[in-house]
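Report on the structure given below.
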Ligand code: MAN
């Protein structure tokens, strides 16, 4: 309990009623016949001199609004009222009343120290500081808002550029996909043609074997005919010998019949031989070679030798083709003849597909970065896009700190963290260099509105966990005078 300065008290009571009570509540302290009842327990009636006598009498502490006697019962909202004439009234917790400390941030009039008389009224100077603060702050905010506006435009341009890049790359992806589809079709076609040509090859081989068989058969037949003719000729010579040299006197009926029949045969044979053609393969081939149609131009003909074998082959193939399924063949195959596909060509198409697939993969990866970027939230109005690549530096204490908004934070050359998230106007940085015997470094950066970017302060509430205060235009919002006024803080050291 302090010694009440009754003269000061009397003066205050005279000027503003019950000390520590706001004007609107003064009526609650109306004294009737020198008596007053506790506010929440009117059954307790006190002598009016017991109000603010520095002794707590009422269970609700209502008899001591202007002293610290009932401070344990009175909350801040129900605290000591400072009139702060010429400035804004304030409320201070009752335990701070008459404690010998000037609480000018709340009671610029020093009325909280009415009993000690230690604190002269400084409301005039506080008011001046307040007015200056509000004016400067208004000017700063309007400057900051103009800068922020430029950032917003910049962010819009940056986003538009990302969207454009994404569109371009999506166009490229569509192009590559089309090319890939074509190449894949080409590959399937080439493979089926290669298969077809190997089928054709085997059919041709079979046909060629058949042709050779036929050619051999004809040749064998001719050779066998020749051999038969030679045998016949030998037999004829024997029989001729017999017919000319036999002895008719023996009257051998069988010999006579044989000789007569042989002579008939020879007569008949001569008639036959007159009719018989003199065909031979060699002669035939000679004739074929000398065959030249009228207006013969060698360039118009495929250079195949006109031999008997070739002729057989040609007619045999013609014969085989008669049985080919012509209708289907036309449907399945294009009209123009298809060139044969080499393995080299297939490998080249496969390589081109591989290259296109690689290109597609890398373009898709690039596109997904842009997509992610477009969908990402970069703070209100996408503003953080505009500060991409911007760094704010300041030497504080023994270290030089560097904050890269969308990047990372360094304490000299030590990585404090990389940006991992944005919550409201706080940037979160994590995964910095590990602290000796501690966690990996990390930081929170609280951004407050100012026209220029500046690291205001850094603290390390826990080992290697940092908290920065960063002034920047990017978090500025238009503020009413009331909002600005509420932000004003009295610095007692300046009074
Ligand atoms: C360095 C700095 C400090 C940190 C200590 C921990 O000195 O990074 O901020 O507290 O390491 O050992």
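The values are calculated or read from the model by the stated rules, or taken from the named source; none is laboratory data. Everything quoted here is computed from the prediction, not taken from an experiment. Here the Cβ positions follow ideal geometry from the backbone for every residue, glycine too, while neighbour counts run over all protein chains shown.
Points to keep in mind about this one:
- Options 423, 490; residue that is away from the ligand (no atom under 16 Å from the Cβ) and closer than 29 Å to residue 132 by Cβ: 490
- Scanning segment 370-384 for residues that are in a helix (DSSP H, G or I) and at pLDDT below 95 yields 372, 373, 374, 375, 380, 381, 382, 383, 384.
- Selection count where residues are buried (at least 20 other Cβ atoms within 10 Å of the Cβ), out of contact with any strand residue (DSSP E or B) (no Cβ under 7 Å at 6 or more places or on another chain) and without any contact (Cβ under 8 Å) to a residue 60 or more places away in the chain, scope segment 69-86: 2
- Count of residues meeting criterion [more than 16 Å from the ligand (Cβ to nearest atom), farther than 16 Å from residue 471 by Cβ and not in a loop (DSSP other than H, G, I, E, B)] in segment 385-403: 2
- Residue-level analysis places residue 18 outside the set of residues that are more than 30 Å from residue 487 (Cβ to Cβ), modelled with pLDDT under 95 and over 60 Å from the mean Cα position of the chain (by Cα).
- Residues of segment 462-476 satisfying the condition of being part of a strand (DSSP E or B) and either within 18 Å of residue 385 (Cα to Cα) or within 16 Å of the ligand (Cβ to nearest atom) (or both): 462, 465, 466, 467, 468, 470, 471, 472
- Qualifying strands (runs of 3 or more DSSP E) (wholly inside segment 407-461; at least 2 residues being free of Cβ contacts under 8 Å to residues at least 12 places away in the same chain): 414-423
- Subset of segment 432-452 (residues that are surrounded by fewer than 20 Cβ atoms within 10 Å (Cβ to Cβ) and away from the ligand (no atom under 15 Å from the Cβ)): 446, 448, 451, 452
- Qualifying positions in segment 477-490 - assigned to a loop (DSSP other than H, G, I, E, B) and loosely packed, with under 12 Cβ neighbours inside 10 Å: 478, 480, 489
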